[in-house]
Amino acid sequence: MSERPDPERPGRVPGFAEWSALHGNAAPTGLVGGWLRFVYLTAKPLVMLRISPHVVTLFGLLVGVCALVPAAAGSRWPLLAAALIGLSALLDGLDGAVAVLSSRVSSFGARLDRVCDRCSDICFAACLWLAGGFWVWCVAGACLGLLHEFTRSWARHRGMTSIGVVTVSERPTRVLVAAMFVLAAGVYPASAGTWATAGGIVMTGAGATGLLQLVVVVRRGMS
(Lines give C-alpha, C1' and ligand atoms only; values in the text may rest on other atoms or scores of the structure.)
Protein backbone atom coordinates (compact mmCIF):
# COMPACT_ATOMS: atom_id res chain seq x y z
CA MET A 1 0.00 0.00 0.00
CA SER A 2 1.33 3.41 -0.92
CA GLU A 3 1.90 5.98 1.77
CA ARG A 4 -0.91 8.54 1.94
CA PRO A 5 0.58 11.99 1.40
CA ASP A 6 0.72 14.30 4.39
CA PRO A 7 -0.80 17.71 3.49
CA GLU A 8 1.24 19.33 6.24
CA ARG A 9 4.55 18.47 4.58
CA PRO A 10 5.91 21.07 2.14
CA GLY A 11 5.57 20.19 -1.52
CA ARG A 12 3.14 17.34 -0.85
CA VAL A 13 -0.36 17.48 -2.28
CA PRO A 14 -3.17 15.11 -1.22
CA GLY A 15 -3.56 12.47 -3.91
CA PHE A 16 -0.05 12.64 -5.40
CA ALA A 17 1.10 9.34 -3.88
CA GLU A 18 -2.08 7.61 -5.07
CA TRP A 19 -1.68 9.09 -8.55
CA SER A 20 1.90 7.85 -8.71
CA ALA A 21 0.86 4.36 -7.63
CA LEU A 22 -1.84 4.25 -10.30
CA HIS A 23 0.61 5.39 -13.01
CA GLY A 24 3.46 2.94 -12.57
CA ASN A 25 5.17 4.93 -9.78
CA ALA A 26 5.83 7.84 -12.13
CA ALA A 27 7.06 10.94 -10.29
CA PRO A 28 4.60 13.89 -10.47
CA THR A 29 7.23 16.58 -11.04
CA GLY A 30 7.69 19.56 -13.34
CA LEU A 31 4.77 20.28 -15.66
CA VAL A 32 3.05 17.07 -14.59
CA GLY A 33 3.20 18.15 -10.96
CA GLY A 34 1.85 21.61 -11.77
CA TRP A 35 -0.96 20.14 -13.85
CA LEU A 36 -1.87 17.72 -11.04
CA ARG A 37 -2.00 20.52 -8.48
CA PHE A 38 -4.47 22.36 -10.72
CA VAL A 39 -6.54 19.22 -11.37
CA TYR A 40 -6.78 18.22 -7.71
CA LEU A 41 -7.72 21.76 -6.71
CA THR A 42 -10.46 21.79 -9.37
CA ALA A 43 -11.68 18.33 -8.32
CA LYS A 44 -12.35 19.30 -4.69
CA PRO A 45 -15.73 21.00 -5.37
CA LEU A 46 -16.86 17.92 -7.34
CA VAL A 47 -15.93 15.70 -4.41
CA MET A 48 -17.87 17.96 -2.03
CA LEU A 49 -20.91 17.66 -4.34
CA ARG A 50 -20.53 13.84 -4.27
CA ILE A 51 -20.31 13.60 -8.05
CA SER A 52 -19.30 10.13 -9.18
CA PRO A 53 -15.97 9.84 -11.04
CA HIS A 54 -17.78 7.62 -13.56
CA VAL A 55 -20.08 10.53 -14.40
CA VAL A 56 -17.06 12.79 -14.95
CA THR A 57 -15.46 10.15 -17.20
CA LEU A 58 -18.57 9.73 -19.36
CA PHE A 59 -19.16 13.47 -19.53
CA GLY A 60 -15.59 13.94 -20.75
CA LEU A 61 -16.23 11.48 -23.58
CA LEU A 62 -19.50 13.25 -24.42
CA VAL A 63 -17.69 16.58 -24.68
CA GLY A 64 -15.10 14.98 -26.98
CA VAL A 65 -17.85 13.62 -29.23
CA CYS A 66 -19.57 17.02 -29.28
CA ALA A 67 -16.33 18.59 -30.57
CA LEU A 68 -16.92 16.79 -33.88
CA VAL A 69 -19.87 19.02 -34.73
CA PRO A 70 -18.16 22.44 -34.71
CA ALA A 71 -15.01 20.91 -36.24
CA ALA A 72 -17.06 19.96 -39.30
CA ALA A 73 -18.96 23.26 -39.49
CA GLY A 74 -16.09 25.23 -41.03
CA SER A 75 -15.54 28.97 -40.82
CA ARG A 76 -14.71 29.95 -37.21
CA TRP A 77 -16.49 26.99 -35.63
CA PRO A 78 -13.30 24.94 -35.15
CA LEU A 79 -12.43 27.45 -32.42
CA LEU A 80 -15.25 25.95 -30.38
CA ALA A 81 -14.06 22.46 -31.27
CA ALA A 82 -10.60 23.27 -29.91
CA ALA A 83 -12.12 24.53 -26.65
CA LEU A 84 -14.18 21.35 -26.33
CA ILE A 85 -11.09 19.21 -26.90
CA GLY A 86 -9.37 21.05 -24.06
CA LEU A 87 -12.40 20.66 -21.78
CA SER A 88 -12.61 16.95 -22.56
CA ALA A 89 -8.93 16.56 -21.63
CA LEU A 90 -9.50 18.45 -18.36
CA LEU A 91 -12.41 16.18 -17.46
CA ASP A 92 -10.20 13.17 -18.18
CA GLY A 93 -7.82 14.41 -15.50
CA LEU A 94 -10.63 15.30 -13.12
CA ASP A 95 -12.22 11.86 -13.06
CA GLY A 96 -9.10 10.27 -11.62
CA ALA A 97 -8.63 13.08 -9.12
CA VAL A 98 -12.24 12.77 -7.96
CA ALA A 99 -11.83 9.01 -7.60
CA VAL A 100 -8.65 9.39 -5.52
CA LEU A 101 -9.88 12.21 -3.29
CA SER A 102 -13.21 10.49 -2.62
CA SER A 103 -11.57 7.05 -2.12
CA ARG A 104 -13.60 5.59 -4.99
CA VAL A 105 -10.78 4.12 -7.05
CA SER A 106 -11.91 0.85 -8.66
CA SER A 107 -10.87 -1.55 -11.39
CA PHE A 108 -14.14 -0.86 -13.21
CA GLY A 109 -13.45 2.87 -13.12
CA ALA A 110 -9.96 2.31 -14.51
CA ARG A 111 -11.32 0.20 -17.38
CA LEU A 112 -14.06 2.73 -18.10
CA ASP A 113 -11.48 5.51 -18.13
CA ARG A 114 -9.24 3.65 -20.59
CA VAL A 115 -12.12 2.89 -22.96
CA CYS A 116 -13.40 6.48 -22.88
CA ASP A 117 -9.86 7.84 -23.37
CA ARG A 118 -9.34 5.73 -26.49
CA CYS A 119 -12.73 6.80 -27.88
CA SER A 120 -11.87 10.45 -27.18
CA ASP A 121 -8.49 10.04 -28.89
CA ILE A 122 -10.29 8.88 -32.03
CA CYS A 123 -12.65 11.86 -31.80
CA PHE A 124 -9.73 14.30 -31.52
CA ALA A 125 -8.06 12.88 -34.63
CA ALA A 126 -11.43 12.95 -36.39
CA CYS A 127 -11.73 16.66 -35.53
CA LEU A 128 -8.58 17.28 -37.59
CA TRP A 129 -10.09 15.39 -40.50
CA LEU A 130 -13.45 17.19 -40.24
CA ALA A 131 -11.64 20.53 -40.06
CA GLY A 132 -10.20 19.78 -43.51
CA GLY A 133 -7.21 17.56 -42.85
CA PHE A 134 -6.11 14.82 -45.25
CA TRP A 135 -7.74 11.68 -43.86
CA VAL A 136 -4.69 9.43 -44.29
CA TRP A 137 -2.61 11.44 -41.81
CA CYS A 138 -5.50 11.71 -39.36
CA VAL A 139 -6.16 7.96 -39.45
CA ALA A 140 -2.44 7.20 -39.12
CA GLY A 141 -2.12 9.53 -36.13
CA ALA A 142 -5.12 7.95 -34.42
CA CYS A 143 -3.93 4.39 -35.06
CA LEU A 144 -0.41 5.09 -33.78
CA GLY A 145 -1.85 6.65 -30.62
CA LEU A 146 -4.02 3.58 -30.02
CA LEU A 147 -1.10 1.25 -30.71
CA HIS A 148 1.01 3.24 -28.23
CA GLU A 149 -1.52 2.67 -25.45
CA PHE A 150 -2.17 -0.97 -26.36
CA THR A 151 1.57 -1.68 -26.29
CA ARG A 152 1.90 -0.26 -22.79
CA SER A 153 -1.18 -2.15 -21.64
CA TRP A 154 0.19 -5.39 -23.11
CA ALA A 155 3.49 -4.86 -21.31
CA ARG A 156 1.74 -4.31 -17.99
CA HIS A 157 -0.25 -7.51 -18.41
CA ARG A 158 3.06 -9.30 -19.01
CA GLY A 159 4.45 -8.12 -15.68
CA MET A 160 5.93 -4.70 -16.43
CA THR A 161 5.24 -2.65 -13.29
CA SER A 162 6.31 0.82 -14.48
CA ILE A 163 5.08 2.97 -17.36
CA GLY A 164 8.39 2.19 -19.11
CA VAL A 165 9.19 5.61 -20.49
CA VAL A 166 7.45 8.95 -20.94
CA THR A 167 7.44 9.21 -24.72
CA VAL A 168 6.91 12.17 -27.03
CA SER A 169 3.49 10.78 -27.86
CA GLU A 170 1.76 10.53 -24.50
CA ARG A 171 -1.91 11.44 -24.40
CA PRO A 172 -1.30 15.09 -23.37
CA THR A 173 0.80 15.53 -26.51
CA ARG A 174 -1.92 14.08 -28.73
CA VAL A 175 -4.54 16.30 -27.11
CA LEU A 176 -2.35 19.39 -27.45
CA VAL A 177 -1.59 18.70 -31.13
CA ALA A 178 -5.26 18.19 -31.96
CA ALA A 179 -6.40 21.28 -30.05
CA MET A 180 -3.67 23.56 -31.43
CA PHE A 181 -4.15 22.67 -35.09
CA VAL A 182 -7.95 22.65 -34.90
CA LEU A 183 -7.64 26.06 -33.27
CA ALA A 184 -5.42 27.23 -36.14
CA ALA A 185 -8.02 25.97 -38.61
CA GLY A 186 -10.57 28.20 -36.91
CA VAL A 187 -8.28 31.22 -36.74
CA TYR A 188 -7.32 30.88 -40.42
CA PRO A 189 -10.40 29.36 -42.12
CA ALA A 190 -9.06 30.10 -45.60
CA SER A 191 -6.21 27.64 -44.99
CA ALA A 192 -8.03 25.32 -42.58
CA GLY A 193 -7.20 22.23 -44.62
CA THR A 194 -3.49 23.02 -44.55
CA TRP A 195 -3.46 23.51 -40.79
CA ALA A 196 -5.54 20.42 -40.11
CA THR A 197 -3.37 18.29 -42.39
CA ALA A 198 -0.26 19.62 -40.65
CA GLY A 199 -1.82 18.54 -37.36
CA GLY A 200 -2.33 15.04 -38.70
CA ILE A 201 1.27 14.91 -39.89
CA VAL A 202 2.61 16.10 -36.52
CA MET A 203 0.40 13.60 -34.69
CA THR A 204 1.62 10.81 -36.95
CA GLY A 205 5.28 11.78 -36.59
CA ALA A 206 5.04 12.05 -32.82
CA GLY A 207 3.10 8.79 -32.67
CA ALA A 208 5.69 6.87 -34.67
CA THR A 209 8.56 8.28 -32.61
CA GLY A 210 6.80 7.63 -29.30
CA LEU A 211 5.87 4.09 -30.27
CA LEU A 212 9.48 3.35 -31.20
CA GLN A 213 10.64 4.72 -27.82
CA LEU A 214 8.12 2.57 -26.00
CA VAL A 215 8.84 -0.63 -27.96
CA VAL A 216 12.58 -0.33 -27.26
CA VAL A 217 12.03 0.09 -23.51
CA VAL A 218 9.38 -2.64 -23.33
CA ARG A 219 11.62 -5.06 -25.21
CA ARG A 220 14.44 -4.39 -22.75
CA GLY A 221 12.08 -4.77 -19.82
CA MET A 222 10.64 -8.03 -21.10
CA SER A 223 14.10 -9.50 -21.64
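Run the quick spin-label model on ARG158 and ARG37: label points 7 Å from Cα toward the beta carbon, then report their separation in nm to one decimal.
Going by the 7 Å Cα→Cβ label model, 3.9 nm.
Taking the Cα-to-Cβ direction at VAL165 and at LYS44 and moving 7 Å from each Cα, how far apart do the two end points lie in nm?
If labels sit at VAL165 and LYS44, their model points lie 3.9 nm apart.
Would you tell me the accessible area of LEU46, worked out with a 1.4 angstrom probe on the heavy atoms of the protein chains, in Å² to the nearest 10?
40
Could you check how much of the accessible area of the stretch 46-119 is carbon and sulfur, as a whole percent, using a 1.4 Å probe? Kindly include the intermediate steps, with their values, before the conclusion.
Working: 2620 of 3680 Å².
C and S fraction of accessible area: 71 percent.
Where Lys and Arg each count +1 and Asp and Glu each count -1, what net charge lies around GLY60 among other residues with Cβ under 14 Å from its Cβ?
Numbers: positive: ARG114, ARG118, ARG171; negative: ASP92, ASP95, ASP113, ASP117, ASP121.
Summing Lys/Arg as +1 and Asp/Glu as -1 gives -2.
Report the paramagnetic label zone for THR151: residues of the stretch 193-207 whose backbone N is under 14 Å from a point 7 Å from Cα along the Cα-to-Cβ axis.
Within reach of a label on THR151: 204-207.
So which trypsin sites (Lys or Arg not before Pro) in the stretch 107-212 are both in a DSSP loop and have at most 16 other Cβ atoms within 10 Å of their Cβ? Present the calculation step by step, with values, prior to reporting the outcome.
Values: sites: ARG111, ARG114, ARG118, ARG152, ARG156, ARG158, ARG174; in loops: ARG158.
Answer in residue order: ARG158.
The values are calculated or read from the model by the stated rules, or taken from the named source; none is laboratory data. Please read these numbers as outputs of a predicted model, since none were measured by experiment. Cβ sites come from the backbone with ideal geometry, for glycine too, and all protein chains shown count toward neighbours. Just so you know, the surface numbers come from the protein's heavy atoms only, side chains and all, with ligands and any DNA or RNA stripped out. Shrake-Rupley method; radii C 1.70, N 1.55, O 1.52, S 1.80 Å.
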